[in-house]
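First the structure, in the form of structure tokens, and then the observations on it.
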Amino acid sequence: MSQTTPADVRVRVAEGPADREACFAVRKEVFVVEQGVDEAIEYDAHDTGSDTVHVLAEGPDGPLGTGRLLYGPAAAGATGGDPGVGSLGRLAVRQVARGLGVGAALVRGLEEAAAQLGLRAVDLHAQTHALGFYERLGYQAYGPEFEDAGMPHRAMRRKL
């Protein structure tokens, strides 16, 4: 693999089955293999839903990261039913791309997609070790810590 630099990273909305499979492969590598998340809970019906946007970060040698945005009815459970709030999730960056700004670029790409959909805010459930990352991007934590997939999380929100 060549040495990827931040200038080499491109983030775009995933289009079609091949892009979605690239997103799923990154998620499997990060969540299932690295973090030990049960593969049976990593993927859900929202992954192919009409109210889901996936973004894909790519470098010269292929996929580097991914994230997804749920909106409308798909986001209702995560956002308290507020139709003006999207739900950012499944943010994953391959180990070889960490430290290149890929995570921040993915979040900004998801926020841009949310704004284009007319959403006024984005919620997310952050692993507690990642709170500082999201805070630097303008997210504010709220509510108590909770467990998801066997790991501690906090809810966070950013107004667009």
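The numbers here are math on the coordinates, done by the rules we state, and not lab data. What you see is a predicted model; the values in this text were computed from it and never measured. Cβ sites come from the backbone with ideal geometry, for glycine too, and all protein chains shown count toward neighbours.
Observations on the model:
- Charges were assigned to the Cβ only: +1 to each Lys and Arg, -1 to each Asp and Glu. The resulting dipole of the chain about its Cα centre is roughly 580 debye.
- Share antiparallel - DSSP beta bridges, the range 1-152, percent rounded to 5: 85
- Between 0 and 90°, nearest 10: helix 102-116 axis offset from the chain longest Cα axis: 50
- Computed FRET value (nearest 0.05) for SER50 with ASP148, which takes r as the C-beta separation and R₀ as 22 Å: 0.35
- Distance (nanometres) between label positions extended 7 Å along Cα→Cβ at ASP61 and LEU160: 3.4
- Cα long-axis angle, helix 16-27 against the chain (0 to 90 degrees, to the nearest 10): 90
- Between the beta carbons of ASP8 and TYR43, assuming R0 = 30 Å, the FRET efficiency works out to 0.55 to the nearest 0.05.
- Extension gain for ALA76 to GLN95 (0.36 nm times residue separation, less C-alpha to C-alpha distance): 3.7 nm.
- In the set (1) 0.93; (2) 0.97; (3) 1.16, the label that goes with Rg/Rh (Cα atoms, Kirkwood Rh) computed for this structure is (1).
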